[in-house]
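One structure is given here, and the rest of the page talks about it.
Each value in this text was obtained by applying a stated rule to the coordinates, not by laboratory testing. What you see is a predicted model; the values in this text were computed from it and never measured. Cβ: placed from backbone, ideal geometry, glycine included. Neighbour counts: every protein chain shown.
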Amino acid sequence: MRHLRDLVVRPTLKALDPEIPYSQNAECLVMETIAHESGVGTYLGQYPDGPARGIAQIEEPTFSWLKDLTSTRYQSIGTKLFQLFGEPEHDQLSARMDLSVAFCRFRYFIIKEPIPDTLEGRASYWARYYQTTNDPQKIKTYIDDAKRYL
């Protein structure tokens, strides 16, 4: 986990700055999301045969929606993503940890509510905005995964 954080997550998040500001809470949220969604990269595609890809398990409709936002409301972020990744495609998420991190962070960035500074708060934030359901059991599993892997 330290290598993933130090060699992939933090450098990617810092490369997105200032268009998507770097913060410790954002780094924690992305790391926790990766821990929960893919077992820290154990699954690069949604198990067993689902549509999500990458260490942050992003589905194609979400990826396409985020890409569309970069050509309208978030053009400066689109420019930054293009500089970093060329013309990213959904199927690249499984092979490009940095791309998966960047789109995970972008997904959270468009939320206007600040990222909470506690694990429990971030778990609820993940449930509302990444998972899009506020299921208490899923929140508990997120917290358990974050504690187990991080």
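Proximity of backbone amide H atoms, modeled 1.01 Å from N, is registered between Glu59 and Arg53 at under 5 Å, excluding neighbours fewer than 5 places apart on the same chain.
When the alpha carbon coordinates of the chain are projected onto the principal axes, the ranges are 37, 33, 30 Å, largest first. In summary, the lysines within cross-link reach of Lys147, defined as a Cα separation below 17 angstrom excluding same-chain residues under 8 places away, comprise Lys138. The modelled label-to-label distance for the pair Tyr22/Asn134, using points 7 Å beyond Cα in the direction of Cβ, is 3.4 nm. A straight line joining the Cα centroids of segment 29-50 and segment 93-125 runs 13 Å. Applying the Karplus relation 6.51 cos²θ - 1.76 cosθ + 1.60 with θ = phi - 60° to segment 5-12 yields 3J(HN,Hα) values of 5, 6, 9, 10, 5, 4, x, 5 Hz, where x marks Gly and Pro. Mean projection of the Cα convex hull over all viewing directions, computed for segment 16-100: 5.4 nm². Taking label positions 7 Å along the Cα-Cβ direction at both Asp117 and Thr72, the computed distance is 3.5 nm, reported to one decimal.
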